[in-house]
Amino acid sequence: MEIKAADVARLRQVTGVGMMEAKKALTISEGDFDKAIDHLRTTGSAKAAKKADRTTSEGRVHTYTHGNGKIGVSVELLCETDFVARNEAFITFCADIAMHIAAMSPLYSHVEDVPEEVVEKEREIIKGLLLNEGKPEEMIEKITEGKINKYYEEVVLMKQKFIKDEDLTIEALIEQKILSLGENIQLGRFSRFQIGG
C-alpha cells in the first residue's frame, strides 16, 4: 500500500513523531489514520517510559495571565537540557500547560499528591450516597473506585483531559512531547491565583 506524504505530514503534526516513525505507523495500520495514532500512542508510552529515569535538571518556569490579569498561573516544567528548555516547541508546550491550569483549576499535580485523608473523605461520601441509593453491597466498592478515579480526573492535573484535545490527558500530552523532543519531561510544581477566587 502506498503511503501518501501528506498523510505522513499530517500524522507528524498531530503526534509530534519523526517522519520515519509516522510512515511506519501508517504502514502498520494500512493507511488508517486513527489506527496509526493508536499505534503511536501504544508504542509511545513504552518509549516515553524508557526516558522517564533520565535526570531533568533543566527546564523553565512559565507564567500565564488570563482575563485581564484576573487569573495568573506559574508552572514548572523540567527537561534534560537547556537546549530543549529554550526550544520554541517546549516553550509553546509550557504555555499550553499554563493555559490549561488557568482554565481547569487543578488542585494537585499528581495522584500521589492528593492527601490520603482527602481521598478517604471522598470515599466515605461516595459510599454513603450509594448506600442511600440502595445499591447492592457487593457493587459499592467497585462503583466507589470508579468514582474515585473520576474525582482524580477532576482535581489532578496529570489526569485531566487537555482543553485543546480532550482525547488526551495531560499525562498523555507529556508523553507525546517526550517523544517529539527526545528528552525526559517532568511536570514540577504549579500555582494558580485568581482575583476573588
query = For helix 88-104, what angle does its Cα long axis make with the longest principal axis of the chain, in degrees from 0 to 90 and rounded to 10?
reply = 20
ask   = T43 versus T92, label points 7 Å from Cα toward the beta carbon: distance in nm?
value = 2.4
query = Please state the relative contact order of the chain as a whole percent: Cα pairs under 8 Å, 6+ residues apart?
reply = 27
ask   = What FRET efficiency comes out for the pair I195/E2, r = Cβ-Cβ distance, R0 = 45 Å, nearest 0.05?
value = 0.20
message = Show me, bin by bin at 5 Å from 0, the whole-percent P(r) of segment 115-155 based on Cα pairs.
response = 5, 25, 33, 22, 11, 3
message = Is the C-alpha gyration tensor of segment 55-180 telling us rounded, prolate or oblate? Criteria: a/c under 1.5 is rounded; beyond that, a/b larger than b/c is prolate, otherwise oblate.
response = prolate
query = Which residue fluctuates the most in the chain, going by a Gaussian network model with Cα springs under 10 Å, if the choices are L157, L173, L130?
reply = L130
task = Return a single number: how many Lys pairs in segment 129-197, at a sequence separation of 8 or more or on separate chains, have alpha-carbon atoms below 19 angstrom apart.
result = 10
query = If you line up the long axis of helix 137-155 against the longest principal axis of the chain, both from Cα atoms, how many degrees apart are they, to the nearest 10?
reply = 60
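In nm, what is the difference between 0.36 nm times the number of residues separating S105 and K142 and their Cα-Cα distance?
10.6 nm
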query = So what's the angle, to the nearest 10 degrees on a 0 to 90 scale, between helix 19-28 and the longest Cα principal axis of the chain?
reply = 70
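Read the figures in this text as sums done on the coordinates, not as results from a lab. The model shown is predicted, which means the values in this text are computed figures rather than measured ones. Neighbour counts are summed over all protein chains in view; Cβ atoms, including those assigned to glycine, are modelled from backbone coordinates with ideal geometry.
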